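To keep things clear, I will list the structure first and then write my remarks on it.
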Amino acid sequence: MTPAARAAWPADSARLLEPSIGYALGVVLAVTPELLSRPTPCREWDLRMLLRHACDSLAAFGEGIETGRVGLDPAAEDADLAADPACAFRDRAGRLLDAWTGPGRQRQVIDIAGGQLAASVIAATAALEVAVHGWDISRACGQHQRIPRALATSLLAVAPMLVPRPGRHRLFAAPVAVAATAGPSDRLAAFLGRSPA
C-alpha cells in the first residue's frame, strides 16, 4: 500500500470484518453436499474449490491476527475441510472473528513476507475477501443474496486501495461494467470482475 493510500485509509475500515463474516455465515447455510460441484462466479472453480480457498484465506488472516505474522506456506488440508468444507468455513470464520475481537488485536502490526501491515488493513482485506466470496457462494447456491448495502458501500471505499488496477490481473478479472443504477453490492462484485447479471 502506497503512502498516499495509507493517508486516505478510512479510520473505521477495521469494523467491516464482523458484518462481512456475519453475511458470509448466513450465506453458507445454504450449502449442501449436493451443491459442492456447482460452478461459481470464480472461473474454473466449483463450490468445493471456492470453499477450500476461502477456508485457506480465513486461516491465514486468523494466523496473522493471532500471531502477528502470516506464513507463506499454506497449511495442509485437514480432514474437516475435505469432508465438509461448509462446516470448515463456518468454524474458521468463527475463529477469525474470535481472534479479531480479542483484547489488543486491533493495535497489532502484522508481518507478511518481510513487510508489515497494520492489523486494521488485514481486517479490511479479510472483510473484502469474506464478503465477496460470500457473494460467490450465494450465487453458486442459487440464492443471489446481496451483500448488505451499508457493508458493500464501505467495502467499495476501500476496494480500490486493496485491489489497485496495476497488477490485479493475476488475482482478479478486469472490472465489469454495470448500470449506473446498480446497487453497491452489484458494483462491488463488478469491480472485482464478477458479473452481477
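Points worth noting:
- Given (1) open to solvent by 30 Å² or more (accessible area, probe 1.4 Å); (2) in a helix (DSSP H, G or I); (3) out of contact with any helix residue (DSSP H, G or I) (no Cβ under 6 Å at 6 or more places or on another chain); (4) at pLDDT below 90, index of the condition E77 fails: (2)
- Boolean, S138 is among the hydroxyl-bearing types (S, T, Y), in a helix (DSSP H, G or I) and in contact with a His (Cβ under 8 Å, 6 or more places away or on another chain): yes
- Scanning the stretch 1-33 for residues that are surrounded by fewer than 17 Cβ atoms within 10 Å (Cβ to Cβ), at pLDDT 95 or above and hydroxyl-bearing (S, T, Y) yields a single hit, T32.
- Among the residues of the stretch 83-130, those identified as over 19 Å from G64 (Cα atoms) and either assigned to a helix (DSSP H, G or I) or open to solvent by less than 40 Å² (accessible area, probe 1.4 Å) (or both) are A83, P85, A86, C87.
- Condition check for R146: within 26 Å of L36 (Cα to Cα), in contact (Cβ under 8 Å) with a residue 24 or more places away in the chain, surrounded by fewer than 21 Cβ atoms within 10 Å (Cβ to Cβ) and in contact with a Pro (Cβ under 9 Å, 6 or more places away or on another chain): yes
- Evaluating G142 against the criteria (1) modelled with pLDDT of 85 or more; (2) on the phi < 0 side of the Ramachandran plot leaves one unmet condition, (2).
- Some residue of the stretch 152-159 being over 16 Å from A124 (Cα atoms) and either modelled with pLDDT of 95 or more or among the aliphatic types (A, V, I, L, M) (or both): no
- Among the residues of the stretch 93-105, some residue qualifies, meaning at least one is modelled with pLDDT under 90 and touching a Phe, Trp or Tyr at 6+ places or on another chain (Cβ under 9 Å).
- A173 in contact (Cβ under 8 Å) with a residue 40 or more places away in the chain and not in a helix (DSSP H, G or I): yes
- Taking (1) surrounded by 15 or more Cβ atoms within 10 Å (Cβ to Cβ); (2) among the aliphatic types (A, V, I, L, M); (3) at pLDDT below 95 in turn, L36 satisfies each apart from (3).
- Scanning the stretch 32-67 for residues that are part of a helix (DSSP H, G or I) and not hydrophobic (A, V, I, L, M, F, W, C) turns up P33, E34, R48, R52, H53, D56, S57, G62, E63, G64, E66, T67.
The values are calculated or read from the model by the stated rules, or taken from the named source; none is laboratory data. Computed from a predicted model, the values in this text were never measured in an experiment. Because the Cβ atoms are built from the backbone with ideal geometry, glycine has one as well, and the counts that use them run over all protein chains shown. We work out accessible area using only protein heavy atoms, side chains counted, and drop any ligands, DNA or RNA first. Shrake-Rupley method; radii C 1.70, N 1.55, O 1.52, S 1.80 Å.
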